[in-house]
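The numbers here are math on the coordinates, done by the rules we state, and not lab data. Every value quoted in this text rests on a predicted model; they were computed, and no experiment measured them. Here the Cβ positions follow ideal geometry from the backbone for every residue, glycine too, while neighbour counts run over all protein chains shown.
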Amino acid sequence: MAIRHSNNPCSSLLLCFVVLLLLVSSCSGNSNVGVRCMESERQQLLDFKEGLMDPFGRLSSWVGLDCCKWQGVRCKNRTGHVTMLNLQNYHLGGIIKPSLLHLKHLTHLNLAENFFGGTQIPKFLGLLNNLRYLDLYSSGYGGEIPPHLGNLSHLQVLNLSGNFGLRAESLVWLSGLSSLESLDLGRVDLYDVRGSWLKAVNMLPSLVRLYLDSCQLKSLDLTLPSLNLTSLEVLDLFDNPIKSPLPHWFSNLTNLQVLDLRSNNFYGSIPFWIGSLCKLRILRLNSNRLHGGIMGVLDRFSACQNNSLEILYLGGNYLVGSLPQSLGALRNLQELDLNTNFFWGSIPASIGNLSSLELLELSDNNFNGTIPESFGRLAKLSTVSLVSNQMEGVLTETHLSNLTRLDSFRLTTYHNKSLVFNLKHDWVPPFRLTTLVLINCLIGPSFPVWLLVQTNLSYVIVSNAGISDIVEEEWFARLFSSCWFVDLSNNSITAKLPPRIYSEMLEKVDLSRNNFVGQIPLWETNATQLYLQRNSFSGSIPENIGELMPRLKTFFVSRNQISGRLPSSICKIMGLKFLSVSHNRLSGQLPDCWNKLRRLKVVDASNNSLSGEIPSSLTSLCHLILLMLGDNNLHGDIPFPPNSCRQVPLLNILQLRSNLLGGNIPEEICRLSNMRSLDLSNNHLIGSIPKCLHNFTALKYGNRSLDYEELFDLQDGTINEQTMLVGTKGRELEYSRTLLEVKNIDLSENNLIGEFPKGICRLAFLDTLNLSTNYLSGSIPDNIGDMRWLESLDLSVNKFSGPIPSSLSSLTLLNHLKLSYNNLSGRIPTGYQLQTLNDSSNYQGNPLLCGVPLLTRCPGDINSPPTPSSLGGSKDKLWLYLSIAMGYIVGFWGVCGTLVMKESWRQAYFRYVDELKEKLLLWIALTIARSRRMIEKGNN
């Protein structure tokens with residue numbers, strides 16, 4: 001039987017009675033003792049059966065003379081007439097034949113959870129005059145609801161929900177169902193009905209339960225003065241795009257027990273009168289656009305003499321304020337969900353009065369206070385989530401000792417370790433958790449016993465908890481055997497893992513940023529994510545890693561002490577996306593089998609001792625986004641990027657710096673239009689710079705070719721670990737979280753010749769360009785000023801000649817400039833930004849340059865070489881300071897003069913203005929005196 005079980009309990013005695021009868025009829029085929037069915041009705045049932053497809057033979061019992069013994073059939077005891085037909089979940093198909101019309105005494109028809117192929121609901125069902133119960137839930141019907149159903153004047157229960165292809169253009173036919181008590185049209189398309197649906201259901205005075213979830217309703221009729229649905233106990237409008245304030249006529253529904261308005265667009269504040277619905281047991285307003293506080297609503301609920309509220313869901317709104325003490329008056333409350341709002345302050349001490357509370361969800365708010373000790377009185381509490389708040393204070397045994405049913409506990413803070421677990425080291429709690437999440441809470445330095453004794457854990461995160469203890473490997477063996485998610489990252493745990501770990505459940509392990517030592521275990525798991533970076537693991541990566549972990553997608557072991565070769569079996573992990581083995585001691589050649597890893601996005605093997613050539617199979621990966629092989633001993637040519645990709649290669653970051661690579665920079669590199677960071681520095685490259693680098697459209701137009709989520713899964717914290725050294729602003733900077741913001745080209749320290757390609761100047765969004773320490777010649781392009789986002793430019797130690805382009809002074813973001821040791825000539829351009837880069841070392845080694853900040857005077861200069869402290873002649877200096885003074889005078893009289901001229905203010909401000917005039921004249925005199933002294937000092 002298809003009735004709502006999920007959240008709305010059966011409150012109708014009729015429905016409960018029907019359920020009981022149907023269970024009896026389906027479990028006991030011979031319940032009609034001494035009575036045989038009518039022969040005519042038996043024949044009609046057989047005719048009805050002929051139209052059905054019965055793939056599982058569920059109607060195989062329909063044989064013999066007594067149809068009252070057939071499965072799913074129920075007859076009236078005295079007369080033998082068929083009264084019920086319950087074929088729920090029989091997996092039937094085919095068609096419903098009108099033979100049912102001859103079952104004149106049929107009152108209950110249940111065809112739920114079958115599949116009738118998207119056909120229309122048979123119109124003849126509207127002729128079953130005695131029908132009181134019709135359930136077609138999830139039966140595969142489609143098309144328009146036949147209005148003939150409106151003829152069933154005795155119908156008390158109608159369930160058409162779960163038929164995704166079903167729709168209605170009008171609900172006028174509902175007016176004929178005068179006896180209807182329960183109407184379920186969930187997931188029926190009522191878009192065309194628009195706002196008229198409310199008037200239609202308002203014509204059903206006996207209605208007790210109304211389910212219209214996921215019906216594409218968009219509006220409510222706010223003009224209705226009141227509702228006739230005074231008997232309504234359940235109203236479910238979940239998951240509709242209704243855009244409206246909460247209408248006042250809801251307050252007429254004084255018998256309402258369940259109100260579900262989740263996932264709509266209701267806006268405005270929550271009206272106080274909702275708290276006056278004292279019979280309300282379930283209130284769900286989450287995932288809307290409601291704002292304001294909840295104090296008034298909770299005060300109203302608490303004022304109810306026998307408030308019945310058991311479930312209160314207000315999450316996913318814009319609600320603000322602190323939680324009132326009146327919350328503690330909701331003594332029947334079992335579930336409280338206020339997540340993803342803007343609540344602040346402490347959790348009120350009155351929460352300890354909620355003795356029935358089982359779920360407390362307060363995550364993603366701004367709670368910045370303490371957790372009261374009364375929290376420990378919530379003996380029935382099973383699930384607690386305080387994730388993503390700013391909680392502070394101290395938790396002791398008092399908070400936790402009585403929570404015997406606690407199963408899931410989640411607590412994270414933004415403030416680093418502002419919440420402290422002050423528990424006795426050997427304290428053993430009364431609960432055994434399956435889920436534990438503690439992030440940025442201070443638990444250490446020792447590894448607490450209360451955590452060691454948790455033997456039922458399946459999901460555990462204890463990250464950045466200040467633990468710096470030694471842990472036995474046996475505990476990890478137990479943990480990995482029972483969990484599917486383990487994250488102990490960002491501690492200082494010292495341990496040696498078991499040599500072999502076997503688990504079918506394990507999916508993610510994050511032990512990063514600790515002090516784990518020893519060999520990497522042989523992980524025989526189905527894990528998809530393994531983070532072991534920033535530890536002290538040694539030894540080699542298991543040779544058969546491809547066979548041990550075939551489902552691995554993320555493998556991070558960077559910044560350890562791992563040696564040996566990168567095993568070729570890694571290419572057997574067909575779903576691998578992220579590989580980082582950087583900052584280790586790997587040696588030997590890279591395997592040449594990368595073309596098998598079609599999903600690979602990230603390869604970072606930088607800062608090792610790898611040798612040999614870069615395999616061409618590595619650059620054949622069309623989905624590769626980041627390739628970092630810098631700081632190794634790789635030699636040979638740079639492999640050409642692929643030309644066989646159906647789409648433009650996605651490579652964003654290519655870092656091959658500090659190797660032994662030779663040959664030319666391949667012209668094919670210009671096909672990488674998504675390139676944002678190219679670092680080929682400190683190699684032995686020869687030839688000229690490709691003139692086609694302006695094809696890097698991501699640097700040309702500033703379009704973001706990918707988001708963080710495309711490169712890394714943020715919830716795994718991967719973006720925090722992936723780093724890259726970039727030579728910029730005169731030093732090497734390490735980027736991690738801002739990795740995708742790096743926009744640089746570094747070709748420095750090679751043997752490149754030829755000219756500065758003018759096309760590079762079209763890369764307007766490039767922020768770092770380093771071509772230093774090469775043999776480049778010719779002039780610096782005049783259009784270099786087009787690189788308007790450039791912050792760092794290094795062209796030093798080359799053979800550039802000619803003047804420095806004046807457009808360089810238009811680069812307003814430039815904060816690092818190196819043009820030293822070239823053959824540049826002429827006057828150094830001046831300009832606002834260049835004046836801040838007045839270090840003469842930026843230009844030294846160019847004997848033909850002159851002007852500020854060098855001491856060399858340019859031809860035509862009359863006076864001695866200008867100094868950085870002078871911006872022009874003495875007259876210009878004097879006029880500068882005088883103009884400043886005049887500006888203040890004008891500004892002063894523009895405001896204060898108005899005040900003086902107003903008659904009503906003159907007397908009040910007369911003395912004040914005189915004082916201001918004296919101070920202003922004194923300031924002008926001092927300013928002129930200072931300017932004269934500065935001019936005299938500059939001339940000397």
Item to complete: Using label points projected 7 Å from each Cα along Cα→Cβ, tell me how many nm separate Glu547 and Ser226, to one decimal.
Response: 8.0 nm
Worksheet item: Can you list the aspartates and glutamates whose alpha carbon sits under 20 Å from that of Lys572, skipping same-chain ones fewer than 8 residues off?
Response: Glu504, Glu507, Glu524, Glu543, Glu547, Asp592, Asp604
Worksheet entry | Of Lys417/Lys577; Lys49/Lys76; Lys380/Lys508; Lys601/Lys691; Lys577/Lys691; Lys76/Lys104, those spanning more than 24 Å from alpha-carbon to alpha-carbon | Lys417/Lys577; Lys380/Lys508; Lys601/Lys691; Lys577/Lys691
Worksheet item: Within straight cross-link reach of Lys758, meaning Cα distance under 12 Å, which aspartates and glutamates are found once same-chain residues fewer than 8 apart are removed?
Response: Asp782, Asp786
Worksheet entry | Estimated FRET transfer efficiency (Tyr191, Tyr267; beta-carbon r; R0 30 Å; 0.05) | 0.90
Worksheet item: Where Lys and Arg each count +1 and Asp and Glu each count -1, what net charge lies around Thr107 among other residues with Cβ under 13 Å from its Cβ?
Response: +3
Worksheet item: What FRET efficiency would be calculated for the residue pair Ser568, Asn526, taking the C-beta separation as r and a Förster radius of 35 Å, to the nearest 0.05?
Response: 0.95
Worksheet item: Taking the Cα centre of each part, how many Å lie between region 424-464 and region 271-320?
Response: 34 Å
Response to the item:
As straight-line cross-link partners of Lys743, the qualifying aspartates and glutamates (C-alpha separation under 12 Å, not fewer than 8 residues apart within one chain) are Asp679, Asp767, Glu791
Worksheet item: What is the packing order of peptides 744-753, 286-295, taking the mean over residues of other C-beta atoms within 10 Å and listing the highest first?
Response: 744-753, 286-295
Response to the item:
Distance in nm between Thr119 and Asn306 label points, each 7 Å along Cα→Cβ, equals 5.1 nm
Fill in: Charge tally in the Cβ shell below 15 Å around Ser540, where Lys, Arg are +1 and Asp, Glu are -1, Ser540 excluded
+1
Fill in: Cβ-Cβ FRET estimate between Cys645 and Arg585, R0 fixed at 41 Å, reported to 0.05
0.75
Worksheet item: Say each of Gln325 and Trp427 gets a label point 7 Å from the Cα, pointing the same way as Cα to Cβ; how far apart are those two points in nm?
Response: 2.7 nm
